[in-house]
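Report on the structure given below.
Derivation of every value follows stated rules applied to the coordinates shown; laboratory data play no part. Computed from a predicted model, the values in this text were never measured in an experiment. Here the Cβ is made from the backbone with ideal geometry for all residues, glycine too, and neighbour counts use every protein chain on show.
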Amino acid sequence: MNVPLWFAIAIAAYLGVKLTRVPAWMVAVLLIAGFLLAHSFFGSLIGSGLNGGASVLGGSK
């Protein structure tokens, strides 16, 4: 089953607001900041750091 990324993010944001009582403006700010960060120089650094950390925790090198 293929689900568009925007739909999955919208469902996660909705559940986050309803279940954890996070303000909707905070969810919007975090989504916009994440989008802007992903298209910057730091996006590749964060991605490689997450991949490296996952491989260390997973045991593969």
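Tabulated results
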read-out: The chain: radius of gyration and largest Cα-Cα distance (Dmax), Å; value: 14.8, 40
read-out: Amide H contacts under 5 Å for VAL22, placed H, 5+ residues apart; value: none
read-out: Relative packing of peptides 25-31, 44-50 - highest average C-beta neighbours within 10 Å first; value: 25-31, 44-50
read-out: For the chain, calculated [θ]222 nm from helices alone, where every DSSP H run of n ≥ 4 adds -39500 (n - 2.57); value: -26500 deg cm²/dmol
